[in-house]
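The values are calculated or read from the model by the stated rules, or taken from the named source; none is laboratory data. None of these values were measured; they are calculated from a predicted model. Here the Cβ positions follow ideal geometry from the backbone for every residue, glycine too, while neighbour counts run over all protein chains shown.
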Amino acid sequence: MTSFRTASADSVVPGRSCGTCTMCCKVFDLPVVQSPVGKWCRHCAPGKGCRIYESRPDICKDFFCGWLLSPELGPEWKPDRSKVVLQVNVDTNGSIRLTANVDDSYPMAWRRPDVYGKLKQWAIAGAATASSEMKMLVRVVIGRRYVIILPDRDVDVGMVADDEAVMTSEKVTPQGVVVEVRKVKRASASAGDSVSASG
């Protein structure tokens with residue numbers, strides 16, 4: 001998948017466009033347009049588009065969801081159909097954080113077999129090994145509830161507040177690499193751990 005931070009209109013899969021999909025106008029917390037997570041942005045006409053499209057803020061102009069960027073994802077992944085908006089972030093250390101932002105009106109959308117199977121496949125592909133750190137952290141965000149998808153299990157972290165973060169750390173054991181997941185106050189996050197921010 002392409003990082004949405006470095007993506008441009010040239011990165012969009014040929015033939016794909018937002019069309020009537022406006023799901024990204026609901027699943028993100030965007031204070032710049034007074035749009036809280038789980039509520040339609042006040043500038044959005046659901047199923048039609050943005051009422052301030054020409055003057056929309058840069059954070060909106062620069063966003064391209066995973067479905068627009070990834071040819072491996074079929075039409076069933078289009079957010080207005082799947083109720084899941086994929087977002088990719090590349091951290092400064094090069095590790096990838098893939099987030100499935102779920103419409104909280106359909107909180108189980110990520111558990112649909114085709115969606116969940118792909119999320120689990122990405123988690124397995126990005127897993128830590130005894131000789132390398134985790135390459136991709138896969139997380140599901142439903143409003144403020146976080147679920148971390150790991151190769152061997154899913155960890156429901158629960159609700160994550162603005163002053164909290166989800167931390168992962170890896171431990172090599174005789175049985176293999178074990179990933180520990182915990183919720184902490186941002187102020188206590190240590191430099192050695194991977195941080196999955198609440199935003």
> Just for the stretch 109-166: of the residues that are within 16 Å of Lys83 (Cβ to Cβ) and of a type in the set (Phe, Trp, Tyr), which one is surrounded by the most Cβ atoms within 10 Å (Cβ to Cβ)?
Replying inline: Trp110
> Considering the stretch 52-91 alone, what residues qualify as being buried (at least 17 other Cβ atoms within 10 Å of the Cβ), of a type in the set (A, V, I, L, M) and part of a loop (DSSP other than H, G, I, E, B)?
Replying inline: Leu73
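Arg97 - would you say it is under 23 Å from Glu76 (Cα atoms), in contact (Cβ under 8 Å) with a residue 12 or more places away in the chain, surrounded by 14 or more Cβ atoms within 10 Å (Cβ to Cβ) and among the charged types (D, E, K, R)?
Yes: the conditions hold for Arg97.
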> What number of residues within the stretch 150-192 satisfy the criterion of being in contact (Cβ under 8 Å) with a residue 40 or more places away in the chain and of a type in the set (A, V, I, L, M)?
Replying inline: 3
> In the stretch 36-65, which residues are of a type in the set (Ser, Thr, Tyr) and closer than 18 Å to Gln87 by Cβ?
Replying inline: none
>> Among the residues of the stretch 28-35, are any at pLDDT 85 or above, under 15 Å from Gln87 (Cα atoms), polar (S, T, N, Q) and crowded, with 17+ Cβ neighbours inside 10 Å?
In response: no
> Which condition breaks for Met159 when tested against (1) more than 26 Å from Ser70 (Cα to Cα); (2) over 16 Å from the mean Cα position of the chain (by Cα)?
Replying inline: (2)
> Is it fair to say Trp40 is assigned to a helix (DSSP H, G or I) and surrounded by 12 or more Cβ atoms within 10 Å (Cβ to Cβ)?
Replying inline: no
> Applying the selection to the stretch 37-48, what residues are at pLDDT 90 or above and of a type outside the set (Lys, Arg)?
Replying inline: Val37, Gly38, Trp40, Cys41, His43, Cys44, Ala45, Pro46
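For every residue, the table says whether it meets (1) modelled with pLDDT of 90 or more; (2) assigned to a loop (DSSP other than H, G, I, E, B).
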site: Asn93; (1), (2): no, yes
site: Ser105; (1), (2): yes, yes
site: Val115; (1), (2): yes, no
site: Ala127; (1), (2): no, yes
site: Val138; (1), (2): yes, no
site: Pro151; (1), (2): yes, yes
site: Gly158; (1), (2): yes, no
site: Asp162; (1), (2): no, yes
site: Val181; (1), (2): yes, no
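Table: residues versus (1) out of contact with any Leu (no Cβ under 7 Å at 6 or more places or on another chain); (2) over 21 Å from Tyr106 (Cα atoms); (3) free of Cβ contacts under 8 Å to residues at least 12 places away in the same chain.
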residue	(1), (2), (3)
Ser11	no, yes, no
Pro46	yes, no, no
Pro57	yes, yes, no
Lys61	yes, yes, yes
Cys65	no, no, no
Leu69	yes, yes, no
